[in-house]
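Below is one structure, written out as structure tokens; comments come after it.
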Ligand code: PMP
Ligand code: GLN
């Protein structure tokens, strides 16, 4: 019920908060699933990433929260996109791209899979270009999570998994990743399978822990899915950001024998090329599974940005050494950040890939992760993400250990990380009193 001012009256908000999850409107289900529902006002909050960036701006804090690089992607790729937009002799028309994406990019993704993973994909039917990985994840979950079923993932997990699972009318169940190594407990995953389970969501390399699943771990997840008749969505957006000292090289799940019958994989040019704003992603898998995903995807965005797609195709074909240089720069950022966090008394993990470390705050404070992040932004001038926001909060069983973890991004220039660490060193003890 709306009041004259357009705001929901208190009684309506309270009433909505009491409605069982199953009977709430979709907008509220999505928000509850992603921890962005404000139960007091029954309104939707921005994502944890946007809230953290806004708080960083408001308090002039160094933003180690939202995962975006503070240096642009490679100049030659920016120039390729600009040329593609303005020179019709070079790029595609600035009109709708095909629903599956530009053929040149589908071919480049297939070629990258062949070269990197020895996986053969038919670019005409087994590669689909999406508006960021986000759209691929959404389409796969809506396509494969059966209404009334359960969806399994390792916790903490990317926020959109919760929202999309709720939109599909399914329930997300988490299996915690445990400190200090955050390796996936595949036995616990199998123990969580019930006769209602329809889908497994995995993310390797993993946000926020940086864990790269081993070939054996991937093989076992595929085996579980095959034996129990489940599908898998494997989020591989950090595939090109694995560090030299990782215990395992990343392999797409599609390289596991038998995986293509049950799994689709999602990739992101934004992450691969430090161009998160371009929102070009892809989803790969068998003709049969991708056809089902298409059923949803073509009514989400239909298609997007042909010039960006064209430019990314050039980048995938020849990265000019960018992937190796970027991974090395990220690994150096990780080391700088870990050193600073350790000096401040926190216990950061050693991410093998991606943009983030997670740090245990238990030794320096009794505050919860979310409370600590508030103090950190306001009084220390450093913004970070409470891992609690990446867990399933509307269920009572939320894991305590995960509530004490805080995620810090190292996809930033060394001077940005150094400034954040200086602030931690100088201000954290007083801020924690
Ligand atoms: N999955 C994970 C694990 C992520 O960290 C992100 C953030 N980049 C996404 C998906 C979304 O990717 P994109 O920006 O390409 O939509
Ligand atoms: N993937 C980014 C992160 O984990 C954020 C993406 C977003 O803001 N939606 O920080």
Can you tell me how many residues within segment 62-86 are touching a strand residue (DSSP E or B) at 6+ places or on another chain (Cβ under 9 Å) and away from ligand 1 (no atom under 16 Å from the Cβ)? 1
Residues of segment 290-326 that turn out to be farther than 19 Å from residue 271 by Cβ and free of Cβ contacts under 8 Å to residues at least 60 places away in the same chain, as a count: 1
Which of (1) farther than 13 Å from residue 65 by Cβ; (2) modelled with pLDDT of 95 or more; (3) buried (at least 20 other Cβ atoms within 10 Å of the Cβ) is the odd one out, the single condition residue 386 does not satisfy? (1)
Answer yes or no: is there a residue in segment 131-145 that is within 30 Å of residue 189 (Cβ to Cβ), part of a loop (DSSP other than H, G, I, E, B), away from ligand 1 (no atom under 16 Å from the Cβ) and in contact with a helix residue (DSSP H, G or I) (Cβ under 9 Å, 6 or more places away or on another chain). yes
Of residues in segment 146-159 being part of a loop (DSSP other than H, G, I, E, B) and within 13 Å of ligand 1 (Cβ to nearest atom), the one farthest from the chain's Cα centre (by Cα): 156
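Does residue 116 qualify as being within 30 Å of residue 408 (Cβ to Cβ), away from ligand 2 (no atom under 16 Å from the Cβ) and either not in a loop (DSSP other than H, G, I, E, B) or not assigned by the TED database to the domain that holds residue 422 (or both)? Spell out the reasoning first.
Working: within 30 Å of residue 408 (Cβ to Cβ): yes; away from ligand 2 (no atom under 16 Å from the Cβ): yes; either not in a loop (DSSP other than H, G, I, E, B) or not assigned by the TED database to the domain that holds residue 422 (or both): yes.
Yes, satisfied.
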Of the listed residues (199, 254, 218, 241), the one being closer than 19 Å to residue 284 by Cα, in contact with a strand residue (DSSP E or B) (Cβ under 6 Å, 6 or more places away or on another chain) and without any contact (Cβ under 8 Å) to a residue 60 or more places away in the chain is 199
Residue check for residue 329: out of contact with any helix residue (DSSP H, G or I) (no Cβ under 6 Å at 6 or more places or on another chain), assigned by the TED database to the domain that holds residue 427, closer than 30 Å to residue 372 by Cα and more than 16 Å from ligand 1 (Cβ to nearest atom): yes
May I ask you to list the residues in segment 297-326 that are surrounded by fewer than 18 Cβ atoms within 10 Å (Cβ to Cβ) and in a helix (DSSP H, G or I)? 317, 324, 325
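Just a yes or no: is a residue in segment 64-74 touching a residue at least 12 places away in the same chain (Cβ under 8 Å) and either over 26 Å from the mean Cα position of the chain (by Cα) or not in a loop (DSSP other than H, G, I, E, B) (or both)? Walk me through how you get there before you give the answer.
Here is the first cut: in segment 64-74, the residues touching a residue at least 12 places away in the same chain (Cβ under 8 Å) are 64-74.
Applying the additional criterion that residues be either over 26 Å from the mean Cα position of the chain (by Cα) or not in a loop (DSSP other than H, G, I, E, B) (or both) yields none.
No, segment 64-74 contains no residue that is touching a residue at least 12 places away in the same chain (Cβ under 8 Å) and either over 26 Å from the mean Cα position of the chain (by Cα) or not in a loop (DSSP other than H, G, I, E, B) (or both).
So is residue 133 assigned by the TED database to the domain that holds residue 277 and within 16 Å of ligand 2 (Cβ to nearest atom) or not? Talk me through it step by step, then tell me what you get.
On the way: assigned by the TED database to the domain that holds residue 277: yes; within 16 Å of ligand 2 (Cβ to nearest atom): yes.
Criteria met by residue 133.
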Within segment 353-374, which residues are surrounded by fewer than 24 Cβ atoms within 10 Å (Cβ to Cβ) and either within 16 Å of ligand 1 (Cβ to nearest atom) or part of a loop (DSSP other than H, G, I, E, B) (or both)? 362, 363, 364, 365, 366, 367, 368
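With the condition kept exactly as written, say whether any residue in segment 278-294 is assigned to a helix (DSSP H, G or I), within 15 Å of ligand 2 (Cβ to nearest atom) and in the same structural domain as residue 239 (by the TED database).
Restricting attention to segment 278-294, the residues satisfying the condition of being assigned to a helix (DSSP H, G or I) are 278, 287-294.
From the residues that got through so far, the ones that are within 15 Å of ligand 2 (Cβ to nearest atom) too are 278.
Still in the list and also in the same structural domain as residue 239 (by the TED database): 278.
For segment 278-294, residues assigned to a helix (DSSP H, G or I), within 15 Å of ligand 2 (Cβ to nearest atom) and in the same structural domain as residue 239 (by the TED database): present.
The values are calculated or read from the model by the stated rules, or taken from the named source; none is laboratory data. Worth saying up front: this structure is predicted, and the values here are computed from it rather than measured. Heads up, the Cβs are rebuilt from the backbone with ideal geometry, glycines too, and the neighbour counts pull from every protein chain shown.
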